[in-house]
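Beneath this line is the structure, given in structure tokens, with notes to follow.
The values are calculated or read from the model by the stated rules, or taken from the named source; none is laboratory data. No experiment lies behind these values; they were computed from the predicted model shown. Counting neighbours? That spans all protein chains shown, and the Cβs are built from the backbone with ideal geometry, glycine included. Quick note on the areas: whole protein, heavy atoms, side chains included, nothing else; ligands and nucleic acids left out. Shrake-Rupley method; radii C 1.70, N 1.55, O 1.52, S 1.80 Å.
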Amino acid sequence: MPRGPVIALSGGVGGAKLALGLSHLDLHQNLLVVANVGDDFEHLGLTICPDLDTVTYTLAGLSDQSKGWGRADEGWRFMAALQQLGGESWFNLGDGDLALHVLRTGALAAGENLTAVTRAVSRHLGITARVLPMSDDPVRTMIQTTDGALAFQHYFVRDRCEPVVTGFVFDGIAAARPQPGFMAALADPDLRAIIITPSNPFVSIDPILSLPGVRDAVRAAPAPVIAVSPIVAGRAIKGPAAKMMAELGMPSTALAVAQHYGDLLDGFVLDHGDQDQADAVAALGVRPMVTKTVMESLEDRVGLARDVLALAQELGA
Ligand code: FO1
């Protein structure tokens, strides 16, 4: 197998867990974690990048394991003071987390791009993998619902994913340029694998794939494309993916996720609980792999990462 880069496309919690597993496999700088920025938003004058930050905190060993986002051992004095002053308090910013948003907002205002800010933060936190925003240009996911269009965090956090989803729009996508290092890695002749992590296909992965030129570059890349199902036994491990699928009139199954990615895929990883769908995945012309995809422990994360790379090796041979 070539010793070149491995690209992991990631949203928040699920993607970050697999990225952590991959980071234990001696890939170092050859691991590129490309994070969705469609969840980003401007809030209280700050630029908040939840998926990028979830990946960063997870790879740095700083993440809150129970929530999946934010920092462990967080303080909440800022939120308490904000509430006391009558500020908007539906989105929880911990005291330590706040430092990252303030730092990033200042650097962006001074003319740095998101890639440079993310690189500096990674260096200070001792992260060896390359964490890249999917683009340095703003892309903002809008959720179309039966109640009208909602900005992603309003739908997700403020409204607790309750509105019924009818579709998605990625504002800014047509003008957004994919991050140059991401595009260079896609064209690298030594590229080993493109991994679509078990993040939400509609709001975490599709924004990345919808950037101009990315779908074509992924198709043309000299490496197998492998997705890990975020749906296990008809339920999303975390978040609203299964609810969205039902509302969009799709079955909430791993197979439907494979069908959603369609001809982009060479391999698809399903949990033991969905073994009965492996033949239907194979009938799509996609190589199925059945393994433990539910990542409870660090061993699970590393084990799944190993399995995915083994499948990539088989498919690339
Ligand atoms: N998720 C919540 O459910 N409630 C919150 O108050 C919240 C705050 C928050 C702050 C910083 C951050 O980086 C992430 C945060 N998240 C919160 C998670 C985030 O909204 C979602 O997990 C992702 O956008 C979906 O991938």
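Of note:
- Where labels lie 7 Å past Cα in the beta-carbon direction, separation of residue 248 and residue 215 in nm: 1.2
- Degrees between helix 114-124 axis and first principal axis of the chain (Cα, 0 to 90, nearest 10): 90
- Heavy atoms of residue 166 accessible to a 1.4 Å probe, total area in Å² rounded to 10: 80
- Cβ-derived FRET efficiency at R0 35 Å, residue 284 paired with residue 110, nearest 0.05: 0.15
- Angle in degrees between helix 13-23 and the longest Cα principal axis of the chain, rounded to the nearest 10: 60
- When only Cα pairs below 8 angstrom with a gap of at least 6 residues are kept, the chain shows a relative contact order of 21 percent.
- Taking a ≥ b ≥ c as the square roots of the eigenvalues of the alpha carbon gyration tensor, segment 28-180 is oblate, as a/c is not under 1.5 and a/b does not beat b/c.
- Solvent-accessible surface ranking, highest first, for 205, 127, 237 at 1.4 angstrom: 237, 127, 205
- Dipole-positive endmost among 45, 178, 252 within the chain (Cβ charges, Cα centre): 178
- Distance between segment 183-207 and segment 67-120 - C-alpha centres, whole angstrom: 27
- Probing with 1.4 Å while keeping every protein chain in the model, the per residue accessible area of the chain equals 42 Å².
- Taken as Cα centroids, segment 238-302 and segment 10-35 sit 19 Å apart, rounded to the nearest whole angstrom.
- Gyration tensor (alpha-carbon) shape descriptor, the chain, a/c threshold 1.5: prolate
- For chymotrypsin sites (Phe, Trp or Tyr not before Pro), the sites in segment 42-99 that DSSP calls loop and that have at most 11 other Cβ atoms within 10 Å are 90.
- Simple spin-label estimate for residue 272 and residue 296 in nanometres, 7 Å along Cα-Cβ: 1.1
- Rg [Å, one decimal], Dmax [Å, integer] - segment 229-277, C-alpha atoms: 10.3, 28
- From helices alone, the chain scores -10000 deg cm²/dmol at 222 nm; the rule is -39500 (n - 2.57) for each run of n ≥ 4 DSSP H residues, then divide by the residue total.
- For trypsin sites (Lys or Arg not before Pro), the sites in segment 118-169 that DSSP calls loop and that have at most 10 other Cβ atoms within 10 Å are 160.
- The longest part of the chain holding none of the exposed loop GluC sites (Glu not before Pro), meaning those outside H, G, I, E and B in DSSP with at most 10 other Cβ atoms within 10 Å, is 89-295.
- Cα gyration tensor shape of segment 17-74, rounded if a/c is under 1.5, else prolate or oblate by comparing a/b with b/c: oblate
- Between helix 298-316 and the chain: long-axis angle, C-alpha atoms, 0 to 90°, nearest 10: 50
- Those residues of segment 83-107 whose amide nitrogen sits under 17 Å from the label point placed on residue 238, 7 Å along Cα→Cβ: 92-94, 97
- Relative contact order computed over segment 1-130 (Cα-Cα under 8 Å; 6+ residues apart), in percent: 24
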